[in-house]
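Written below as structure tokens is the structure these notes are about.
Just so it is clear, none of the values below were taken in a lab; they were calculated from the coordinates. Fair warning: this is a prediction, and the values are worked out from it, not measured in the lab. Note that we place each Cβ from the backbone using ideal geometry, even for glycine, and neighbour counts take in every protein chain shown.
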Amino acid sequence: MADIDRRIYLGTILLEPNRWGTPRTPTYCVGDWLERFAAAGFDGMELWEYHATLADETERAALDASPIPVAVFNTYCGFEDEAAGDRARAVEMVRRFGAGGVKFNVGKEPGRRGEYLRNLCRWADAMPAGCRLLCECHGGTILEQPAAAAAFFEEAGLEQLQAIVHCFADTAKLVEWLDCLGPAVTHAHVALRRDGRFARLRAAPAHADECLAVLRRAGYAGSFTLEFTEGTSTPDDKPETLWPAALDDLAFLRERLT
């Protein structure tokens with residue numbers, strides 16, 4: 001698959017047991033793992049917002065000096081008028097770490113679509129030149145369906161918008177996303193579920209190969225982030241236990257993308 005970009009990032013959310021906690025407070029320091037991320041061969045990291053915004057200055061300095069880049073900053077800022085402060089904080093973090101892209105989600109209220117659009121356009125203008133604006137068209141948002149996302153992407157002022165797909169989920173849905181958004185799809189989140197649990201890619205190689213073939217046929221030339229893996233949301237949901245599974249998923253992808 002020589003036509004698929006081989007950049008593979010480690011999502012720091014993958015190792016975070018409290019990723020879905022209330023509140024979402026980090027339980028490990030990414031700075032303690034940076035050398036391991038680099039030694040494993042990751043091309044960068046997708047930095048979970050709270051690993052930076054809720055960290056102390058010592059930890060942020062470690063991120064500044066990381067041996068691998070912050071390829072994507074993963075923000076949860078809202079696009080409601082009242083979330084302006086959170087959006088400004090995300091811009092600040094993107095600039096500080098020199099992130100090559102920023103992952104975000106729009107809101108869930110159809111009646112506020114115009115508000116989301118207006119604030120997203122302003123936010124995009126505040127980002128550094130060349131920063132990839134990566135919309136995760138997530139379930140529970142107004143863009144969870146491909147057709148709705150395509151219409152949103154066609155709005156004036158959003159010409160630079162790019163999209164994230166969940167490339168190892170439902171194959172038919174992946175085809176639909178790629179058909180609707182085409183070259184706007186430039187990034188993929190890697191997570192595989194089997195029998196209601198997260199699994200390693202190697203647990204379903206035929207399905208993984210089929211999904212990669214769909215990407216190839218669509219001319220996909222984007223990057224990948226390992227988002228979740230075997231052990232996520234189980235009693236083994238601890239960084240040291242999840243790490244070997246993440247390395248196996250990285251190895252699997254490298255094999256398939258060579």
Checklist entry - Out of VAL106, VAL94, which single residue is in contact (Cβ under 8 Å) with a residue 24 or more places away in the chain, crowded, with 18+ Cβ neighbours inside 10 Å and out of contact with any Lys or Arg (no Cβ under 9 Å at 6 or more places or on another chain)? => result VAL94
Item to check | The lone exception for GLY157 - which of (1) without any contact (Cβ under 8 Å) to a residue 40 or more places away in the chain; (2) more than 19 Å from the chain's Cα centre (by Cα) it fails | outcome: (1)
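Return yes or no: is GLU80 surrounded by 15 or more Cβ atoms within 10 Å (Cβ to Cβ), closer than 24 Å to CYS121 by Cα, in contact (Cβ under 8 Å) with a residue 24 or more places away in the chain and acidic (Asp, Glu)?
Yes; evaluated as a whole, the condition is true for this residue.
Per-residue answers, yes or no, for (1) under 17 Å from the mean Cα position of the chain (by Cα); (2) at negative phi:
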{"residue": "GLY196", "(1), (2)": "no, no"}
{"residue": "ALA206", "(1), (2)": "no, yes"}
{"residue": "ALA213", "(1), (2)": "no, yes"}
{"residue": "PHE224", "(1), (2)": "yes, yes"}
{"residue": "PHE228", "(1), (2)": "yes, yes"}
{"residue": "THR232", "(1), (2)": "yes, yes"}
{"residue": "THR241", "(1), (2)": "no, yes"}
{"residue": "LEU247", "(1), (2)": "no, yes"}
{"residue": "ARG254", "(1), (2)": "no, yes"}
Checklist entry - Checking ALA149 against (1) without any contact (Cβ under 8 Å) to a residue 24 or more places away in the chain; (2) assigned to a helix (DSSP H, G or I); (3) of a type in the set (A, V, I, L, M), which test does it fail? => result (1)
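Quickly run through segment 226-254 and pick out the residues that are aliphatic (A, V, I, L, M) and assigned to a helix (DSSP H, G or I). Even if it seems obvious, please write down each step before you answer.
Keep residues of segment 226-254 that are aliphatic (A, V, I, L, M), which gives 226, 242, 245-247, 250-251, 253.
Residues satisfying the conditions are LEU242, ALA245, ALA246, LEU247, LEU250, ALA251, LEU253.
Which one is surrounded by the fewest Cβ atoms within 10 Å (Cβ to Cβ), of the residues in segment 160-172 that are closer than 20 Å to HIS207 by Cβ and either in contact (Cβ under 8 Å) with a residue 60 or more places away in the chain or within 18 Å of the chain's Cα centre (by Cα) (or both)? Break it down stepwise before answering.
Here is the first cut: in segment 160-172, the residues closer than 20 Å to HIS207 by Cβ are 164-172.
Keeping just the survivors that are either in contact (Cβ under 8 Å) with a residue 60 or more places away in the chain or within 18 Å of the chain's Cα centre (by Cα) (or both) gives 164-170.
On the way: ILE164: 25, VAL165: 25, HIS166: 22, CYS167: 24, PHE168: 24, ALA169: 16, ASP170: 12.
For segment 160-172, the residue satisfying everything is ASP170.
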Checklist entry - Taking the condition under 20 Å from the mean Cα position of the chain (by Cα) and buried (at least 18 other Cβ atoms within 10 Å of the Cβ), does GLY31 pass? => result yes
Checklist entry - What is the number of the single condition among (1) of a type in the set (Val, Ile, Thr); (2) within 21 Å of HIS138 (Cβ to Cβ); (3) in contact with a strand residue (DSSP E or B) (Cβ under 7 Å, 6 or more places away or on another chain) that THR22 does not meet? => result (3)
